[in-house]
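Everything below concerns the one structure shown next.
The values are calculated or read from the model by the stated rules, or taken from the named source; none is laboratory data. Since the model is a prediction, treat every value here as computed from it, not as a measurement. No Cβ is skipped: glycine too gets one built from the backbone with ideal geometry, and neighbour counts run over all protein chains shown. Just the protein is used for accessible areas: all its heavy atoms, side chains included, with ligands, DNA and RNA removed. Shrake-Rupley method; radii C 1.70, N 1.55, O 1.52, S 1.80 Å.
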Amino acid sequence: MAKRIDLKDVDIYYGAFHAVQNVNLTVTPRSVTAFIGPSGCGKSTVLRTLNRMHEEIAGARVDGEILLDGENIYDRNTDAVAVRRTIGMVFQMPNPFPTMSVRDNVVAGLKLQGVRDRKKLDEVCEASLRAANLWKEVKDRLDKPGGGLSGGQQQRLCIARAIAVEPDVLLMDEPCSALDPISTLAIEDLIADLKTEYTIVIVTHNMQQAARVSDQTGFFNLEATGKPGHLVEIDDTEKIFSNPTQQATEDYISGRFG
Amino acid sequence: MSERIDQRAPSETDSGPASSPGVPAPPPGTRRRPSSRRGETIFRSLTTGSGVLVVAAIAAIGVFLLIQAVPSLLANQADFLTFPSFNTGDPDNLAFGIRDIFLVTMFSSVFALVLAMPIALGVALFLTNYAPRALARPFAYIVDLLAAVPSIIYGLWGILVLAPAILPIAEWLNANLGWIFLFADGNLPVLSGTIFTGGVVLAVMILPIVTAVTREVFAQTPRFQIEAAKALGATRWEVIKMATLPYGRSGYIAGSMLGLGRALGETIAVLIVIRASTSPMGFSLFDGGYTFASLIASAASEFSQPLPTGAYISAGLVLFVLTFIVNALARLIAGGKVNG
Amino acid sequence: MATATDSDLDRPAAEPSTRTISASRRFKDRASTVLVTLAFLIAVVPLIWVLVTVVARGAPAIVSATWWGNSLSGILPESFGGGVYHAIYGTLIQALIATLIAVPIGIGAAIYLVEYGRGPLARTTSFMVDILAGVPSIVAALFIFAAFISILGAPQSAFMVSLALVLLMLPVVIRNTEEMLRLVPDRLRESAYALGIPKWKTILRIVLPTAFSGTVTGVMLAIARIMGETAPVLVLVGYSRAINYDPFGGNMASLPLLMYSELANPEAAGSYRIWGAALTLIIIIMIFQVGASLLSRYSAIPK
Ligand SMILES: Nc1ncnc2c1ncn2[C@@H]1O[C@H](COP(=O)(O)OP(=O)(O)O)[C@@H](O)[C@H]1O
Ligand SMILES: [Mg+2]
């Protein structure tokens, strides 16, 4: 299931704009890796290159290698659609498909990949909702529109939707920033559960959250606006938050940052 | 728009020779699945084809009209551009020209535009700046409803109801301002069913489009410009003069061009309202005659022999070119502000 | 907000004189208010006038027992009998066939413009959609006549009318669908891609359903627009006083064509039928208009 990710000499561009410079890192299976750093330093950009979502933006380009269990996901024989089946993503804004019921939202990925078996779909639906800690709350309203749930429930629905296609890796881009503290806690608990089966990479602007949920933390920074962002350091979360190697990390963690 | 998601197909980005059969089968995992790839290609081709069809349709209109018009233009005994009448009764002796048709078309359309433009400007300002918020939308809908009435009904209303009602105005203009060529005696025995009558009907018909485009652009006036004007203590009218009109001028002109295009091509209402005349057009609004569109429609039931038919098609071709130019200009003037 | 002083609650009660508006400025402001309101009233007059005329003159015909269920077959020009169901059928079938052809092409072209189109081809297409929107109906009709009847030798028929109507519907359908597709937020597309759903399935199963009600609204408005078109029927199909169910052959009536041919009828019954058909046409168009605006309230597009 869970897979390892290696980034080797990754540079990312938006047209002529060099957004992220020379990132090297490794994400180990069955762990949570958090990306922190000031806004605009390229955390989302790096995350989106991990499942080739990056390619959806005009003029966006990646140099270097991104390996999934040793296999380059940017290899010309590799299909972006297939990459995304293996590497799921949860976005900042909860965004259930508005025309679909709760159930159809959860199994949308499978259904649109051609799975027809009703029994299998129902099983996956229940399993995914249970895994997302949402089953109890929605089991009586599976046929209601997904948009009718609360914000926190919608976000867990999106997580259920993402894990229903059985990815190996789960990417989350500030999944709690649109949520209230209670829903945030629910999602953080969920992340702790999910890491037993998945490789998880999460971007967060909330340092306590990074400290709470992650095993490994990467700190991104940028010299100045207009300059490319870069990975300052990546290490065990405990080490980053107690005894970082770099002064810039120390400054950022302790709030002394600009 | 600049930050919109790129529309390249996800599976399109690595297209290359890899899909050729000579390449060894890729290992399982993230390798491509040919069926999804094929679906993507088919769907993309179908939608692109639909877009291309629109381009092809415009090209085909020009080409087919030209093909059908050329033999008749070659057989024409008269000068196409300057000959005042359209004699197609004898296929062996065609003599047709568009001088009068062009003049009647232009007079009626421009007159309609002159009437419609100030009203449309007023209505657009009313809807965007004066009408109470809650009523602005229903009011706009009412004006849009004017566009939902079919032309043939405007034609009937124009000749049977409106024409008698505005006859006194026409008579007054003719009696008092007859020394101006526009209001001089025309080539019709009456002052009803003239270019004047037709122009009023056309003005009503193009009012909704001119208004809609103008209103839309006015509504886009940047807030900061409006607020800057208000901060200077401007009255509502001064805000319009300082912010709305400068910003919306190009949209207003573009909307008027679109209205002109509609008027140039309007067929059945003009055919019903403006009477035909046996004598030539004399530059008066009280003349009668045919426009390009009404001429073609009037002859439609006699489209049997190719050469006379081709003569009318050549008139249609000129109309097509005219409306093409007017609409293209409208789009150029509007820049990105107008859609439609 | 007629003056610049209306929200200044925290100012001293007595305004400094520099804040009052000079008489001439106030006059201009008032005059502009009167003028634009007048413009709106002037614009509304013809609408009411036309509608009142059509209802008043058309009502006697449409309440007649035979109006909705009979044709004019065998009815003398001076007789008040008969009805227009043959013309209603013609109007509806011609619009239906045009819709069946125009909607898939129009939606396809809109998808191309919004989801795939880049570069010169997309710009040309978008430009040509605007040009097509400005092509007069008589030119569209002439084109179908030249291409299909003159050159290919097809007979005049209701189907030819439908083809011309396709050209008139297309730009309306395309522009409307385009607008609806652009309203669908990109985050919905992205989350579908992130599930490993290919782009084409994302468009068909996620984006289009989300834009559905708006798209249907646009189609209904397009239908309402083409049903009153007279120029294509004048050029492309003959008039028939009797019912003809076959859109591919023979003469066929439609409401505009019936009105136009009754114009040549000098009897009182001619005018009776013209206005009756006008009212019938307006009623049918209104059904589509009202249906469209009701439907437009049910949008799935999230804010
Ligand atoms: N779609 C885009 N087009 C162009 N530049 C972008 C785009 N998205 C992000 N950027 C730029 O890339 C840099 C990194 O952005 P992002 O990855 O969103 O930062 P973060 O997620 O760390 O806040 C920023 O300078 C941003 O302006
Ligand atoms: Mg971000």
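Key figures for this structure:
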quantity	calculated
Qualifying residue in segment A:5-17 (condition: more than 16 Å from ligand 1 (Cβ to nearest atom) and open to solvent by less than 10 Å² (accessible area, probe 1.4 Å))	yes
Candidate set from segment C:60-74 (those that are hydrophobic (A, V, I, L, M, F, W, C) and open to solvent by 40 Å² or more (accessible area, probe 1.4 Å)); member that is nearest to C:Y272 (Cα to Cα)	C:V63
Matching option when the condition is open to solvent by less than 10 Å² (accessible area, probe 1.4 Å), facing another protein chain (nearest Cβ under 9 Å) and part of a helix (DSSP H, G or I), among C:I107, C:I149, C:I197, C:I174	C:I174
In segment A:200-238, the residues that are in a strand (DSSP E or B) and within 14 Å of ligand 1 (Cβ to nearest atom)	A:V201, A:I202, A:V203, A:G218, A:F219, A:F220, A:N221, A:L222, A:G229, A:H230, A:L231, A:V232
Candidate set from segment A:92-105 (those that are open to solvent by 10 Å² or more (accessible area, probe 1.4 Å) and under 20 Å from the mean Cα position of the chain (by Cα)); member that is farthest from ligand 2 (Cβ to nearest atom)	A:P96
Every residue from segment A:99-142 that is under 17 Å from C:K201 (Cβ atoms) and in contact with a Gly (Cβ under 7 Å, 6 or more places away or on another chain)	A:M100, A:N105, A:G109, A:Q113
In segment A:195-215, the residues that are within 19 Å of A:L50 (Cα to Cα), surrounded by 22 or more Cβ atoms within 10 Å (Cβ to Cβ) and more than 16 Å from ligand 2 (Cβ to nearest atom)	A:Y198, A:T199, A:I200, A:S214
Hits in segment B:291-315 - residues which are more than 9 Å from B:A69 (Cα to Cα) and crowded, with 24+ Cβ neighbours inside 10 Å	B:T291, B:F292, B:A293, B:S294, B:L295, B:I296, B:A297
Yes/no for B:R137 being open to solvent by 50 Å² or more (accessible area, probe 1.4 Å) and under 26 Å from the mean Cα position of the chain (by Cα)	yes
Residue list for segment A:84-103, restricted to those being facing chain C (nearest Cβ under 8 Å) and in a helix (DSSP H, G or I)	A:R84, A:R85, A:T86
Qualifying positions in segment A:33-91 - open to solvent by less than 10 Å² (accessible area, probe 1.4 Å), more than 16 Å from ligand 2 (Cβ to nearest atom), within 28 Å of A:V213 (Cβ to Cβ) and not aliphatic (A, V, I, L, M)	A:R52, A:R84, A:G88
Count of residues meeting criterion [assigned to a helix (DSSP H, G or I) and open to solvent by 20 Å² or more (accessible area, probe 1.4 Å)] in segment B:180-213	7
Checklist (1) out of contact with any strand residue (DSSP E or B) (no Cβ under 7 Å at 6 or more places or on another chain); (2) within 16 Å of ligand 2 (Cβ to nearest atom) applied to A:G229, failing item	(1)
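Quick grid of which residues meet (1) touching a helix residue (DSSP H, G or I) at 6+ places or on another chain (Cβ under 8 Å); (2) within 14 Å of another protein chain (Cβ to nearest Cβ):
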{"position": "B:F224", "(1), (2)": "no, no"}
{"position": "B:A228", "(1), (2)": "yes, yes"}
{"position": "B:G233", "(1), (2)": "yes, yes"}
{"position": "B:L260", "(1), (2)": "yes, yes"}
{"position": "B:T267", "(1), (2)": "yes, yes"}
{"position": "B:L271", "(1), (2)": "yes, yes"}
{"position": "B:P280", "(1), (2)": "yes, no"}
{"position": "B:L285", "(1), (2)": "yes, no"}
{"position": "B:G288", "(1), (2)": "yes, no"}
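Each row is one residue, and each column tells you yes or no for (1) surrounded by fewer than 17 Cβ atoms within 10 Å (Cβ to Cβ); (2) part of a helix (DSSP H, G or I); (3) out of contact with any Asp or Glu (no Cβ under 8 Å at 6 or more places or on another chain); (4) not small (G, A, S).
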| residue | (1), (2), (3), (4) |
| --- | --- |
| A:A160 | no, yes, yes, no |
| A:P167 | no, no, yes, yes |
| A:M172 | no, no, yes, yes |
| A:S177 | yes, no, yes, no |
